[in-house]
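What follows is calculated from the coordinates using simple rules that are stated; it is not laboratory data. What you see is a predicted model, and the numbers here were worked out from it, not measured in a lab. When we count neighbours, we look across all protein chains shown, and the Cβ atoms used for this are built from the backbone with ideal geometry, even at glycine.
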Amino acid sequence: MFLFDRLITKIAHAENMVKNAVTFICMLFIAVYTLGTFDFLKVLLAFLGFVLAYHSVYFFNDLMDYEIDKKNAFKRSIKPLLNGQITKKDALSNTFFYSIIGLSLSFSVSFIFGAIVAALLFMNFLHSSNKIRLKETPLRLPNLFVMQCLKVSAAWFAVSNSLEGFPIFLVTLVGFYYLISYSYYKQIDRTPVEEFLKQRKIIFLVALTAASYFLSVILYPFRLLLIIPFIFGILSMIIIVIKRCYLRPMIKLLMVDLLYIIIFLSILMSVFPIAPVAQANEYLEKSFEPVKKNITETEKTLTLYIQDKISAFAPGQEIFTRIF
């Protein structure tokens, strides 16, 4: 039983790093597919910097939530700090080690990429720190939404500092979907699915997620990336509802992991020239072309606005370049 618990802990611990790696690689494929070029060494440094830096947040969060999480049997079974595999001193050392190494690599890629990774760590600090604790305030969801959007977008800025072709509605889709998943995870043990879906906040988030989803399907060429996980997500929800939310938490988390794998495979199918996939995407492209023209201008306007905001980093980038 002890060996089984250690195995579960290691799987759960490695799972976070794998999820972050898959998130980065997914957007990287989309960026390269859209822009048609990339610097391998730069992307490799960005990948390592992003994964290592963001991995530090899990140790930090475990330290901040230690007193609360140790009362939860499920969390004790998967978190190394709670089940004694590492000490608080180890967790603190790992927080600093991963964040410093990750940020160093990230800023070596570019100032903007490093700033995005640093912003992710800072916003997580605001979310979890016992001194601020945004997770216990109404600002937790807006903060998490921005964090998730930055997390998904990071790989794009490892390839380009321009937002031309940037899939903004795909990013908001992931952000809104994450808020729904986060809200459900926090209520997983005490709220049946039927009651969860009736909450006004969740209805609003579902509407925003649906809008982002359909805009993404209409606008972007990697449609199988969107359609296949959507079908899986619907089937998963049906299974959970039929089981009336009595599935074990670990099984629910494994279903989320399977969704990550399906998204990754969908990207591979969408990016690489597999004949049936290419034919399906071409058919969908022709079907959505009339609607796409009307929406593209709105997306360009929004993208230009964000690009102007990013340009505000230019003075800071020049100072950073001179110093280093």
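Key figures for this structure:
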item: Taking the stretch 1-166 and dividing mean pair separation by its residue count, relative contact order in percent (alpha carbons under 8 Å, at least six apart); result: 32 percent
item: At most 15 other Cβ within 10 Å, DSSP loop - trypsin sites (Lys or Arg not before Pro), the stretch 85-161; result: Lys131, Arg133
item: 32 Å Cα-Cα threshold exceeded, pairs from Lys135/Lys198; Lys42/Lys201; Lys70/Lys201; Lys79/Lys131; result: Lys42/Lys201
item: Interchain or long-range residues, amide H under 5 Å from Ser129's placed H; result: Leu134
item: Convex hull per residue volume in Å³, alpha carbons only, for the stretch 1-166; result: 118 Å³
